Amino acid sequence: MFRSTLAAFVLSATAAAAQGIVTEPYDGSVADGAFAVENAIVGRGLRIVFTGNVGEMLEQTGQQFGLGPSPVGPDAKTFMFCSMTAGRDAIVADPTNLGNCPLSIFVAEIDGETVIGHRVYAEETMAEMNDLLDEIVTEATAW
C-alpha cells in the first residue's frame, strides 16, 4: 500500500512538473480581455461552469492581512469550462484525465501587462484539450 501511494505521489509530482503555463499578451484592459475570453468560450457552444474573481479575492485578503495589492491586478479572472466531446475523448483515453476537468483560462495583469493564459497538459491524451485552449486564447487575443 505504502509503495503504491509513494509511486502515485512521485508520478503525479513528475506530471505536474512537466506541465506549464503559457500566456499571450492582450492589447487592452483585463476587463476587455475577460469579455473576449468569455465570448470565445461561449461562441464555441461551451458552457462556463465557474468564473473566479481571483484578483478581487487577492485584493481583499491583501487588505485584511496587510499583504499589499493583488499581484495579478484587482480584475483578474479565471474561467472554468469543459468541452463534452474533447473532455470525454480525453477521459476515455485515460480515466485519470478526469482530474484535468474542467479546463481553465485566466486573464490577469502581470508586470503591468494584460495577459491571457492557460495550463499546458503534458499527457498526449490531453492534446485535443491543449488545442482547444490554444484556439480560444488565440481568438480572444485577436479580439
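Can you tell me how many residues within the stretch 41-82 are in a helix (DSSP H, G or I) and within 14 Å of the chain's Cα centre (by Cα)?
2
Got a sec? Which of Gly43, Gly73, Gly66 is surrounded by fewer than 15 Cβ atoms within 10 Å (Cβ to Cβ) and at positive phi? I'd like the intermediate steps shown before the answer.
Details: Gly43 fails: at positive phi; Gly73 fails: surrounded by fewer than 15 Cβ atoms within 10 Å (Cβ to Cβ).
Just a single option satisfies the conditions, and that option is Gly66.
With respect to Gly55, determine if the residue is in contact with a helix residue (DSSP H, G or I) (Cβ under 8 Å, 6 or more places away or on another chain), among the small types (Gly, Ala, Ser), buried (at least 20 other Cβ atoms within 10 Å of the Cβ) and modelled with pLDDT under 95. Spell out how you get there, then give the answer.
Working: in contact with a helix residue (DSSP H, G or I) (Cβ under 8 Å, 6 or more places away or on another chain): yes; among the small types (Gly, Ala, Ser): yes; buried (at least 20 other Cβ atoms within 10 Å of the Cβ): yes; modelled with pLDDT under 95: no.
Considered against the rule, which asks whether it is in contact with a helix residue (DSSP H, G or I) (Cβ under 8 Å, 6 or more places away or on another chain), among the small types (Gly, Ala, Ser), buried (at least 20 other Cβ atoms within 10 Å of the Cβ) and modelled with pLDDT under 95, Gly55 comes out as no.
Please state which one of Thr85, Thr138 is exposed (fewer than 14 other Cβ atoms within 10 Å of the Cβ) and either at pLDDT below 95 or not in a helix (DSSP H, G or I) (or both).
Unique residue meeting the criteria: Thr85.
Just to be sure I understand, how many residues within the stretch 88-116 are assigned to a strand (DSSP E or B) and surrounded by fewer than 19 Cβ atoms within 10 Å (Cβ to Cβ)? Break it down into steps so the answer makes sense when it comes.
As a first pass, look at the stretch 88-116 and keep what is assigned to a strand (DSSP E or B): 103-110, 113-116.
Those still in the list that are surrounded by fewer than 19 Cβ atoms within 10 Å (Cβ to Cβ) too: 104, 110, 113.
Number satisfying all stated conditions: 3.
Among the residues of the stretch 92-121, which ones are aromatic (Phe, Trp, Tyr) and over 17 Å from Thr141 (Cα atoms)?
Tyr121
Restricting the stretch 117-130 to residues that are of a type outside the set (Asp, Glu) and not in a helix (DSSP H, G or I), which is farthest from Glu56 (Cα to Cα)?
Among those residues, the one meeting the criterion is Ala122.
The values are calculated or read from the model by the stated rules, or taken from the named source; none is laboratory data. Owing to the predicted nature of the structure, the values given are computational and were not obtained by experimental measurement. Every residue, glycine as well, gets a Cβ built from its backbone with ideal geometry; the counts of neighbours run over all protein chains shown.
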